[in-house]
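K.L.:
Take this structure, written in structure tokens, and hold onto it; I'll ask about it next.
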Amino acid sequence: MRNLLLLIIIAVAGFVLVAMYVAPTQPGLRTWYLQNACVHLDKLSPQICAPAREAEGAQRT
């Protein structure tokens, strides 16, 4: 049970880290995160998706 809980915690942390550091540099991944994941991640902290939003705004102009 402890191993399952640890695996879930690591998966969630990886999901958040990808949103913050990898997604802003990858257009397809960034679009998916902004459309699907950021709705839920913003409930935790609006700063998680801020880099992806900034990259999306910079690319549009």
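The values are calculated or read from the model by the stated rules, or taken from the named source; none is laboratory data. Everything numeric here is computed off the predicted structure, so don't read it as measured data. A quick note on method: Cβ atoms are made from the backbone with ideal geometry, for glycine too, and the neighbour counts reach across all protein chains shown. SASA here: full protein model, heavy atoms, side chains in, ligands and nucleic acids out. Shrake-Rupley method; radii C 1.70, N 1.55, O 1.52, S 1.80 Å.
K.L.:
Taking the range 21-42, which residues are more than 15 Å from residue 57 (Cβ to Cβ), open to solvent by less than 60 Å² (accessible area, probe 1.4 Å) and in contact (Cβ under 8 Å) with a residue 24 or more places away in the chain?
P.N.:
Once the filter is applied, which keeps residues that are more than 15 Å from residue 57 (Cβ to Cβ), open to solvent by less than 60 Å² (accessible area, probe 1.4 Å) and in contact (Cβ under 8 Å) with a residue 24 or more places away in the chain, the range 21-42 yields only 41.
K.L.:
Would you check which residues across the range 35-52 are over 8 Å from the mean Cα position of the chain (by Cα) and either of a type in the set (Ser, Thr, Tyr) or farther than 13 Å from residue 22 by Cβ (or both) and list them?
P.N.:
35, 36, 39, 40, 42, 43, 44, 45, 46, 47, 50
K.L.:
Of the residues that make up the range 34-57, is at least one touching an Asp or Glu at 6+ places or on another chain (Cβ under 8 Å) and outside any helix (DSSP H, G or I)?
P.N.:
Yes, that holds for at least one residue.
K.L.:
Let me ask something else. Filter the range 1-33 for residues that are hydrophobic (A, V, I, L, M, F, W, C) and assigned to a loop (DSSP other than H, G, I, E, B) and give the result.
P.N.:
Selection gives 1 alone.
K.L.:
Restricting attention to the range 1-20, which residues are open to solvent by 80 Å² or more (accessible area, probe 1.4 Å) and either in contact (Cβ under 8 Å) with a residue 60 or more places away in the chain or more than 13 Å from residue 48 (Cα to Cα) (or both)?
P.N.:
Residues satisfying the conditions are 1, 2, 3, 4, 5, 6, 7, 8, 9, 10.
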